[in-house]
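**Student:** This is the structure I have questions about; it appears just below.
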Amino acid sequence: MRFLFYTHSVVSDWNHGNAHFLRGIMRELVARRHQAVALEPSDSWSRSNLLAEKGSFAIERFRKDFPELMPVTYDAGFDHEAWIAEADVVIVHEWTDPELVARIGRARAAGGNFILLFHDTHHRAVSATEEISALQLKHYDGVLAFGEALRESYLRAGWGKRVFTWHEAADDRLFKPHPEIHPTSDLVWIGNWGDDERTAELKEFLIEPVHDLGLDATVHGVRYPKPALADLATAGLRYDGWIANADVPKAFAAHRVTVHIPRRPYREGLPGIPTIRMFEALACGIPLISAPWSDVEQLFRPGVDFLFAHNGSQMRLHLRAVLADADFAASLVTSGLETIRSRHTCQHRVDELFGVLMECTTEHTINKTTAKEAAA
């Protein structure tokens, strides 16, 4: 089958976590002998910022890390209809320009013989409902929502014909333990500052505990304002800026523990949806301690796969325990890996995707038959 993914970017992961998941999905499809092509705007925000910060080296680095992936850039004169006509499945990410979202839908309505899905991995459905409600999804066969709470939001609002829960997951071809690397530092945090959506949480669950415990710690990420950088430096955290996602597994391996700090809009408006970093960290076999979020879908086993810290004081206690007790840390690693490998890899998500396609294909066939009968 030929899959066409409309992405904000698959080449750039600069402040763009969805690139992690889509790369893994595309790699899994290619491994199963399907064709997967990613279309992205030539001037996407993430790609432009990556090039401005790192230059063309970053693009070459992507090609080296992911040689099996096929990205294609488009501009205003791009012939989308010609590309769509050759596809069996078209998946359009929610950061795609609204006019293009509508244009692709019209191509489907005009007789396009492909399954068309809309993919939402953001909180705008609850934080900026007018933007999502304005999207023209009536010709889309379905919506892929990265959590049950988001799926329910779409259903309540009547957006799309049918909505499927499709969580993100770890690309376990990339995210895996590196036992040959021995930890040389205590803690690593990999994440972006994020428009003040977790400023207070980063102070409570990362900066202050690291300072109080005197840990050797490193921070990777982008868009940190000067006051945040000053807070990191005062607390003794090294700030190492952007890290290519392909380098993250070895960065985890060089540290003894990591933390997970979800953004406030997800925690409050979309319970049950962790960041993709949590899947990736557990897949790499590093002990993880998480700030609060509601695992209402029972994706993990809190207290077994990872630890919840409900406040800064509990984060300090958990960090001390993990760093002082190697057997306890190892038990978290073993359990976390078990859960990822049994439930949350891109292989699992591609299996789920084919289940969605089967359902949509059946409905598509019924609709075509009904239309022919009505015309007879």
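**Student:** Given a 1.4 Å probe, how much area per residue of region 1-134 is accessible, in Å²? Mind dumping the intermediate values first?
**Tutor:** Values: 5480 Å² over 134 residues.
With the other protein chains kept in place, region 1-134 gives 41 Å² per residue.
**Student:** Based on the Cα coordinates of region 9-168, what is the per residue volume of their convex hull in Å³?
**Tutor:** On the way: hull volume 18.7 nm³, N = 160.
Roughly 117 Å³ of hull volume per residue.
**Student:** If you don't mind, another one. Stokes-Einstein at 10 °C, 1.306 mPa s, Kirkwood radius from Cα pairs: D for region 288-342 in µm² s⁻¹? Working shown, then result.
**Tutor:** Numbers: Rh = 11.6 Å.
Approximately 137 µm²/s, per Stokes-Einstein.
**Student:** Given the options 107, 169, 31, which has the most mean-square fluctuation in a GNM of the chain, springs set between C-alpha atoms less than 10 angstrom apart?
**Tutor:** For the chain, modelled as a Gaussian network with Cα springs under 10 Å, the answer is 31.
**Student:** Quick query: amide H of residue 72 versus all other amide H atoms, modeled in the peptide plane; which residues come in under 5 Å with a sequence gap of 5 or more or a different chain?
**Tutor:** 38, 39, 40
**Student:** So, in nm, how far is label residue 338 from label residue 54 when the simple model puts each one 7 Å beyond its Cα toward the Cβ?
**Tutor:** 3.6 nm
**Student:** Could you work out how far apart the two model spin labels at residue 328 and residue 72 are, taking each label as a point 7 Å from the Cα in the direction of the beta carbon, and quote it in nm?
**Tutor:** With each label point 7 Å from Cα toward Cβ, the separation is 5.4 nm.
**Student:** If r is the Cβ-Cβ distance from residue 230 to residue 310 and R0 is 30 Å, what FRET efficiency results, to the nearest 0.05? Working shown, then result.
**Tutor:** Working: r = 28 Å, r/R0 = 0.92.
Here the calculated transfer efficiency is 0.60.
**Student:** A further question on this structure: Report, largest value first, the span of the C-alpha coordinates of region 194-352 along each principal axis, in whole Å.
**Tutor:** Extents along the principal axes: 45, 35, 30 Å.
**Student:** May I ask for the angle, rounded to the nearest 10°, between helix 98-109 and the longest principal axis of the chain, with both axes built from Cα atoms and the value confined to 0 to 90°?
**Tutor:** Once rounded, one gets 40 degrees.
**Student:** Using only protein heavy atoms and a 1.4 Å probe, report how much of residue 361 is accessible, in Å² to the nearest 10.
**Tutor:** Accessible surface of residue 361 is approximately 60 Å².
**Student:** Please report, in Å, the Rg and the Dmax of the chain, where both are computed over Cα atoms only.
**Tutor:** Gyration radius and largest Cα-Cα distance of the chain: 21.3, 78 Å.
**Student:** Full extension from residue 358 to residue 161: what is 0.36 nm times the residue separation minus their Cα-Cα distance, to one decimal in nm? All intermediate terms of the calculation are to be shown ahead of the outcome.
**Tutor:** On the way: separation 197, 0.36 × 197 = 70.92 nm, distance 1.53 nm.
That pair, residue 358 and residue 161, stretches by 69.4 nm at full extension.
**Student:** Then there's this: Of all trypsin sites (Lys or Arg not before Pro) in region 1-99, which ones are in loop regions per DSSP and have a Cβ with at most 15 other Cβ atoms within 10 Å?
**Tutor:** Numbers: sites: 2, 23, 27, 32, 33, 47, 54, 61, 63, 64; in loops: 32, 33.
For trypsin sites (Lys or Arg not before Pro) across region 1-99 that sit outside H, G, I, E and B with at most 15 neighbouring Cβ atoms in 10 Å, the list reads 32, 33.
**Student:** So between residue 42 and residue 238, what do we pick up on full extension, going 0.36 nm a residue minus the alpha carbon distance? Working shown, then result.
**Tutor:** Values: separation 196, 0.36 × 196 = 70.56 nm, distance 3.32 nm.
Stretched fully, the residue 42-residue 238 segment lengthens by 67.2 nm.
**Student:** Per DSSP H run of n ≥ 4, the term is -39500 (n - 2.57); total these for the chain, divide by its residue number, and report the mean residue ellipticity at 222 nm rounded to 500 deg cm²/dmol.
**Tutor:** Working: 17 runs with 171 residues, N = 376.
Helix contribution divided over all residues of the chain: -13500 deg cm²/dmol.
**Student:** For the chain, with only Lys/Arg (+1) and Asp/Glu (-1) charged at the beta-carbon, what is the dipole magnitude about the Cα centre, in debye rounded to 20? Spell out each step's value before the answer.
**Tutor:** Details: 40 positive and 51 negative charges, 76 e Å.
Roughly 360 debye, rounded to the nearest 20.
**Student:** I'd like to check one number: the per residue accessible area of region 209-288, probe 1.4 Å, reported in Å² as a whole number.
**Tutor:** Values: 2650 Å² over 80 residues.
Normalised by residue count, the accessible surface of region 209-288 is 33 Å².
**Student:** Can you compute the FRET efficiency between residue 103 and residue 199 using 1/(1 + (r/R0)^6), with r the Cβ-Cβ distance and R0 = 22 Å? Round to the nearest 0.05. Intermediate values should be presented prior to the final figure.
**Tutor:** Numbers: r = 38 Å, r/R0 = 1.72.
With a Förster radius of 22 Å, E is 0.05.
**Student:** Additional query: Would you mind computing the Rg to Rh ratio of region 264-358 from its alpha-carbon coordinates, Kirkwood style for Rh? Present the calculation step by step, with values, prior to reporting the outcome.
**Tutor:** On the way: Rg = 14.6 Å, Rh = 14.3 Å.
The Rg/Rh ratio comes out at 1.02.
**Student:** Go ahead and set up a Gaussian network model of the chain, Cα springs under 10 Å, then flag whichever of 248, 304, 257 fluctuates most.
**Tutor:** 304
**Student:** While we're here: Could you work out which residue, out of 298, 347, 136, moves most in a Gaussian network model of the chain, that is, has the largest mean-square fluctuation with Cα springs under 10 Å?
**Tutor:** Per the Cα network of the chain with a 10 Å cutoff, 298 tops the list.
The values are calculated or read from the model by the stated rules, or taken from the named source; none is laboratory data. Remember, it's a predicted structure, so these values are computed and weren't measured experimentally. Cβ: placed from backbone, ideal geometry, glycine included. Neighbour counts: every protein chain shown. Keep in mind that these areas ignore ligands, DNA and RNA; they rest on the heavy atoms of the full protein, side chains included. Shrake-Rupley method; radii C 1.70, N 1.55, O 1.52, S 1.80 Å.
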